Every structure is written in C-alpha cells, then in structure tokens.
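Asks: Dropping the structure in here first, questions after.
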Amino acid sequence: MTRRRTRRKKPLPALAALALALIALAAGGYKGALPGPFGDAPPSGGPLTSPGSSGEGAFHGDGAMAVHFIDVGQGDSILAESDGHFLLIDAGENDQGDTVISYLEEAGVEALDYVIGTHPHSDHIGGLDDVIRAFDVETVILPPVEHTTKTFEDVLDAIEEKDLSITLPVPGDSYELGDAAFTILAPQKDYGDDLNNWSVGLRLACGDGAFVACGDAEAQAEEDMAASGLALSADVLKIGHHGSSTSTSDAFLKAVSPAFAVISCGEGNSYGHPHKETLEKLEAAGIQVLRTDLLGDITAQWGEDGVTWAYSGNNAAELP
Ligand SMILES: [Zn+2]
C-alpha cells in the first residue's frame, strides 16, 4: 500500500484555544438555539423523546452540543454541532451525497469547520465529494492510507478542486468546535492493508458531556486506543463497524463506558449488521441502543440535563 504525501496543518495550540474561549466568554458566550431538522428541540424531560415533541429544549446556555446520525442506509454519516460550528464525519455511499447535503442544509449548515473521512471504504466516503463541493470547508481530515477506487479518487479530486489540503489525524491532537472540542484517538499506528483499522477515531467533549466515534475500527485498533492512555469515557458511543462482532471489544467498551450506543446500519443489510453478539454484549452492559435502521435519523443533544434524543422515524416501539 502506498502512502501519499500530505501537508499537515497544525491544530489550535491549547493556549490559543484557551484565549479564544475567554474571548468568547467575554463576548457574551452562547446565544440562541441550535437549528435542527426536527423544528423545536425536544424537551429535556426524559431520556428519549419523539421528533414531534415541542417545547424548550436543552439548547440554551453554554456547553451545548448536538450529534446527528444521518440515516444513509448501510454506512455512516455523522454531523456534530456546537455554537454554530459544524463537523461532518463521513457521508455514506456514493448515492447518499444528496441525502447528506439536504440534511445539512435543513440543519442550518452553511459551512463545515471540519470534514473527516474515517477511512477509504465507499460506505463512509462515497458521498464526501458531493458534500465537499456543496459547502465551504475549512479542514479535511483523512487517515494516511490510500485505496485504489474511483470513489476514493473522487474525494481527492473534490479536495483538490476546492484547493484544500489534507490534515492527518494525530492521536492526542485537539480541535475546537464552538463550545466543544474533539481529540483525535486513532489511528494509533500503521495497520497495513486493514482499512477498517485505519479509521479516524475521535472523542468530542463539551463540559461534562462526551461522544466517541471511530468509524469501522475493529478490535485491534480499539485495543490500541484503550491502551493509549487517552481519555475515552463518553455518554454516547457510535458503535464501530455498524455493529459487527469484529468491533466493540471488551477493553474498549469498558474504557468508553457509554450510557447510550448508536448503530448506523441499513435495514436488511447483507452483512447481518448489527451482529447478535454485539447487541447481546451491549444489553448485558445495560447500554441503551439506538439504530438508524429502526429509527431513521437520530439526534443526541447535550445540555444541562444530560443527553436527550430525537429521531425521524415512527418506530417508537423499537426504542429501548
Ligand atoms: Zn463501514
């Protein structure tokens, strides 16, 4: 496998980040509600709420962030937002570009601070070229591994067309996202031809709230993250590799210790995702599971009252 040479942009140094945070605080801090595709933010009364709910949500005051799991069928596409700043992780298959663009427009995205392609498989980066062309993008993060597909070349072409450079993920590097910040967790090392294990992993934190997502990282990459000494604990974990039994290793799940797990997969997919072993493991650990194949688009919102949920589908009966 060949490596391409890339320019690496330096992330915001901690001192500069602190200065910016102080300036933001002096300027009056967070104002207004975050836009969402479900209209009003859901109430903060229960752990899980329906999209039809209305009322004052948890999107007021400092420390708010939201993570949207966009239903792209079998694949991943995750939009994170805080104080009008946006991070997109993956964009589903090639035919999902328009789905993701529409969702982002409805969510009020005008520009993306960050776009991350976790790894070069088409169910993650397929729609990324369309998204990169449709929005102003500041920083693109891709792992230092190539794939000999047209899908991968299309993404590189879009990056070049927009005159963007590629930022390499370095474990421990942190990036500001509005009132939140994310830290790169993976890839921890060279995984050769194993593209899943090259997945970019990150932990997004805002106040006491945290979210972890690591693409299709499998047990080996998860164990390397668990052994890295980086903070992994989170309220919400995006389950690796669509719920495959080759991910969600015991050491990693213990290190993250989430209250909620989100699985992004397509209804009736040919891989049998999510695998029974993964669902049983999550159930045994008392972790509530939310699935895009059952609930459609899923949104987690962090606020003063912890995490509240909304979803686009009508499968309330499928909620834990
Ligand atoms: Zn995948």
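Asks: Based on the Cα atoms of the range 171-219, what semi-axes does the equivalent ellipsoid have, where each is the square root of 5 times one gyration tensor eigenvalue, given in whole Å with the largest first?
Replies: Working from the Cα gyration tensor, I get semi-axes of 24, 10, 7 Å.
Asks: If you stretched the chain out fully between GLN220 and THR149, how much longer would it get, using 0.36 nm times the residue separation minus the C-alpha to C-alpha distance?
Replies: This chain segment gains 23.1 nm when fully extended.
Asks: State the answer as a single residue: which of ILE141, PRO169, ALA213 lies farthest towards the positive end of the charge dipole of the range 62-313, with beta carbon charges of +1 for Lys and Arg and -1 for Asp and Glu, about the Cα centre.
Replies: Positive-end residue among those listed: ALA213.
Asks: Which value results for Rg/Rh of the range 146-254 when Rg is the Cα radius of gyration and Rh the Kirkwood radius based on the inverse mean 1/r?
Replies: Details: Rg = 14.8 Å, Rh = 14.9 Å.
Radius of gyration over Kirkwood radius for the range 146-254 works out to 0.99.
Asks: Could you give the spread of the C-alpha atoms of the range 62-313 along their three principal axes, from largest to smallest, in whole angstroms?
Replies: 48, 42, 37
Asks: Hey, got the dipole for the range 172-285? About the Cα centre, +1 on K and R Cβ, -1 on D and E Cβ, debye to the nearest 20?
Replies: 160
Asks: Quick one: which residues, 5+ away or cross-chain, put their amide H under 5 Å from the amide H of GLU218? H built at 1.01 Å from N.
Replies: Hits under the 5 Å cutoff: ASN197.
Asks: Among CYS206, CYS214, what is the fewest-to-most ranking by other Cβ atoms within 10 Å? Mind dumping the intermediate values first?
Replies: Values: CYS206 23, CYS214 31.
Exposure proxy ranking, most exposed first: CYS206, CYS214.
Asks: Give me log10 I(q)/I(0) at q = 0.09, 0.10 Å⁻¹ for the range 192-320, Debye formula, one equal scatterer per alpha-carbon, no solvent.
Replies: Here log10 of I(q) over I(0) equals -0.24, -0.30.
Asks: Can you put TRP309, TRP302 in order of Cβ neighbours within 10 angstrom, beginning with the fewest?
Replies: Taking fewest neighbouring Cβ atoms as first place, the list is TRP309, TRP302.
Asks: Could you tell me the calculated FRET efficiency between LEU164 and GLU106, based on Cβ-Cβ distance and R0 = 25 angstrom, to the nearest 0.05? Show your work: numbers first, answer last.
Replies: Details: r = 24 Å, r/R0 = 0.98.
After rounding to 0.05, the efficiency reads 0.55.
Asks: Once fully extended, how much extra length lies between GLU283 and SER257, figured as 0.36 nm per residue of separation less the alpha-carbon to alpha-carbon distance?
Replies: That pair, GLU283 and SER257, stretches by 8.1 nm at full extension.
Asks: Could you please rank VAL236, VAL109, placing first whichever residue has the fewest other Cβ atoms within 10 Å of its Cβ?
Replies: Exposure proxy ranking, most exposed first: VAL109, VAL236.
Asks: Within the range 62-313, how many lysine pairs that are 8 or more places apart, or on different chains, have C-alpha atoms less than 24 Å apart?
Replies: 8
Asks: I'd like the distance separating the alpha-carbon centroids of the range 206-280 and the range 66-107, in whole Å.
Replies: Each part reduced to its Cα centre gives a spacing of 19 Å.
Any read-out appearing in this document is the output of simple, stated calculations on the displayed coordinates, not a laboratory observation. Model, not experiment: these values are computed from the prediction. Counting neighbours? That spans all protein chains shown, and the Cβs are built from the backbone with ideal geometry, glycine included.
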